[in-house]
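Reviewing the structure listed below.
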Amino acid sequence: MAHLTWLHRLLSKLTRARVGSRHAAHAQTALPSRHTTATTTLLATPPPAPPASSTSREEPPMNQPPDTLETTHTATDAATDASGDGDSPTGARAESTLRAAEAAQDGSAEATAEAAGSGAPARRKLRNISEIRAFFRTNETPVFFIGATSFNLLGIDRWVRNFSYIPFYDSWGGYHPRVFSPPLIAHADFESGEDINNYLLEHPSVQQHIARQMERHAPGERPKVVMVFFDERTEAICERLGYDLILPSFELRNHLDSKITTTRLGNEAGAPSVPNVLTTVEDYDDLLAQAQAAGLGDDLVLQSAYGDSGKTTFFVASRDDWNKCSTDIVGEQVKVMKRIRNRATAVEAVNTRHGTIVGPFMTDLTGYPELTPYRGGWCGNDVYPQALRPDQRARAIEHVSRLGDRLREEGYRGFFEVDVLVDLDSDEVYLGELNPRISGVSSLTTVTAGAYADMPLFLFHLLEYLDVDYDIEVEEINERWRELAATDVFSQLIMKTSKSELRLITEAPETGIYRLGDDGTLTFERKTLDWTYLNEPEEAFFLRVYGPGEYLFKGADLGILVTRSRMQTEEGELTDAARAFIQGIHNRYRATPVETSPAPMNYLAYLK
């Protein structure tokens, strides 16, 4: 991680003068000093909130009545105007907006607190999906999603009352009423997504924000916290603060995160992987000897036990290929696979006390240089009816269900994601890697027709960690998802920069809805909270990550673009629309070079 530390220190030095006044302001309020491996985070001033527009067409969240919309955004304007300072922390603006939205939606805080008092009747068992949906619609226990961005679970606040986001990056600049992004304070160098989440948990403003929400909505209860990346230190912080981290333990998740462990468990469950051998390799000749003995041939794919998408998968068909990756392989336990022509798909599932619920399958976009600098790196997904044939889908569901049952024997419950590979030559269906966590495809799972027929998969995860008893018919739900989950068309592009040049962003596209014209021009249409209201294939929702004052470098995150049209052809090429969307977003960035001699290194921001 030395190269990451070097980059962060360099960028911190470049921005220290610009943020010094903010640090001084924080000191006056007695605040102490301070992601997919989520993002490289820079000491850069967050962009000011965009000016409110009385003519913009905003949509209310699902759990917020339309007649409260004007109240909510009037409060946003008032909070911004009252500060009198364009550089006021986005967290303060977001907090003002959040309080206004909750007051409009929920009525008085006193009434909410009284309803949650000790005299309330005990919860009865929830008997079906309708009752479960009503339960979440009236949920009183605040649930907080913490991370580098709000991307993974964006839109869940439409389904779960008192669900909100605490990201490092406020992609809306104070506009989203359910987002609280704290003011920047001094911190140690970030080297992983876990570091970012731990920083947020220990941030005094975050702790004060959570305490206020608990006092208003569920006094005496412990707040529920969910995130993509965490470690043992995260668990210790949550325990010390009295927060419930509603995820499987780090020890269990780390054990299952190993590609070696996943392969073994899948084999035990009758859910096979691509033909492989689990071994250690000393040199290229040793690799070939073991591969030929296992019938794998000499065109191979090597994976180490742990690692990020695209960074620990190596394609080896020659000694030159081996020389490029040997330092990462020799002496380590690795998975050596036969290289196949495959269609890669991703699917999310939830392990519940009643069985495994399997979501929609979507094809992966990987390695496109327009989107990622990493060969084999994940950079998006397409959900569409023909992602798998019906017979392939049935076999894939069976594999995922068997793996889920085996994971339950290990004590795992809740959300997980699996890559599924279809051999284009033999038509065999194989398990790929397991990601025992909320993933980068959660965003699309939430908006498919299957989710609206029942509810988003993440809500089944919440049921496992909230104090509620419930009954569901897993086979019935899986059958409905099988029929409905593939009727929608949605795509997402995970956009990174490929240039190594270090540049300071001076202009960046806003988060919101864009439209692609007949001439290929991309036009900003309106602000909005998420991708729910996309209607036409020419529209796209762009969630910005890096904005003005941040830096671009190889692997830096521009943002996520979601649209209701396919971004990849059956031949494995980007569609013309995808290229136009990508170019249109890039054209809206303006950045100036920063003089430095060493080449900057990079980070992955979103992991599956």
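The values are calculated or read from the model by the stated rules, or taken from the named source; none is laboratory data. Bear in mind the structure is a predicted one, so any value in this text is a computation, not a measurement. Don't worry about glycine lacking a Cβ; one is built from the backbone with ideal geometry, like all the others, and counts go over all protein chains shown. For the accessible areas, the whole protein counts, side chains as well, though only heavy atoms, and no ligand, DNA or RNA atoms are used. Shrake-Rupley method; radii C 1.70, N 1.55, O 1.52, S 1.80 Å.
Candidates are the residues of the range 198-224 that are out of contact with any helix residue (DSSP H, G or I) (no Cβ under 6 Å at 6 or more places or on another chain) and closer than 19 Å to Pro248 by Cβ; the one that is modelled with the lowest pLDDT is Arg222. What about Asp423, is it more than 29 Å from Ser304 (Cβ to Cβ) and surrounded by fewer than 24 Cβ atoms within 10 Å (Cβ to Cβ)? No; evaluated as a whole, the condition is false for this residue.
If you scan the range 424-474, which residues turn out to be under 25 Å from Thr262 (Cβ atoms) and among the charged types (D, E, K, R)? Scanning the range 424-474 gives Asp425, Asp427, Glu428, Glu433, Arg437, Glu464.
Could you please let me know if Ala449 is touching a Lys or Arg at 6+ places or on another chain (Cβ under 8 Å), closer than 18 Å to Phe490 by Cα and open to solvent by 10 Å² or more (accessible area, probe 1.4 Å)? So Ala449 does not fit the description; no. Does the range 531-540 include one or more residues that are open to solvent by less than 20 Å² (accessible area, probe 1.4 Å), over 18 Å from Ala578 (Cβ atoms) and not aromatic (Phe, Trp, Tyr)? No, the conditions are met nowhere in the range 531-540. For the range 513-530, filtering for residues that are farther than 15 Å from Ala578 by Cα and in a loop (DSSP other than H, G, I, E, B) leaves 4. Of Leu434, Leu403, Leu493, Leu407, all but one fail to be within 19 Å of the chain's Cα centre (by Cα), of a type outside the set (Gly, Ala, Ser), open to solvent by less than 20 Å² (accessible area, probe 1.4 Å) and under 30 Å from Ser249 (Cα atoms); the exception is Leu434.
Against the numbered list (1) in contact with a Gly (Cβ under 9 Å, 6 or more places away or on another chain); (2) modelled with pLDDT of 95 or more; (3) of a type outside the set (D, E, K, R), Phe144 comes up short only at (1).
Of the residues making up the range 377-400, those that are over 25 Å from the mean Cα position of the chain (by Cα) and not in a helix (DSSP H, G or I) number 1. The residue pairs whose first member lies in the range 201-228 and is under 22 Å from His187 (Cβ atoms), whose second member is modelled with pLDDT under 95 and not in a loop (DSSP other than H, G, I, E, B), and whose beta carbons are closer than 6 Å, counting only pairs six or more residues apart or on different chains, are Ser205/Gly91. Restricting attention to the range 467-512, the residues that are hydrophobic (A, V, I, L, M, F, W, C) and assigned to a loop (DSSP other than H, G, I, E, B) add up to 7. Against the conditions (1) assigned to a helix (DSSP H, G or I); (2) in contact with a Cys (Cβ under 7 Å, 6 or more places away or on another chain), Phe314 satisfies every one except (1). Considering only residues of the range 294-337 that are among the charged types (D, E, K, R) and more than 18 Å from Asp283 (Cα to Cα), which is surrounded by the most Cβ atoms within 10 Å (Cβ to Cβ)? Among those that are among the charged types (D, E, K, R) and more than 18 Å from Asp283 (Cα to Cα), it is Asp308.
Of everything in the range 453-466, what is within 19 Å of Phe144 (Cα to Cα) and in a helix (DSSP H, G or I)? Give them in sequence order. The answer is Leu457, Phe458, Leu459, Phe460, His461, Leu462, Leu463, Glu464, Tyr465.
Of all residues in the range 248-270, those satisfying the criterion of being surrounded by 18 or more Cβ atoms within 10 Å (Cβ to Cβ) and not in a helix (DSSP H, G or I) are Pro248, Asp257, Ser258. Per the conditions (1) touching a Ser or Thr at 6+ places or on another chain (Cβ under 8 Å); (2) within 18 Å of Leu502 (Cα to Cα); (3) part of a loop (DSSP other than H, G, I, E, B), the sole criterion not satisfied by Ser565 is (2).
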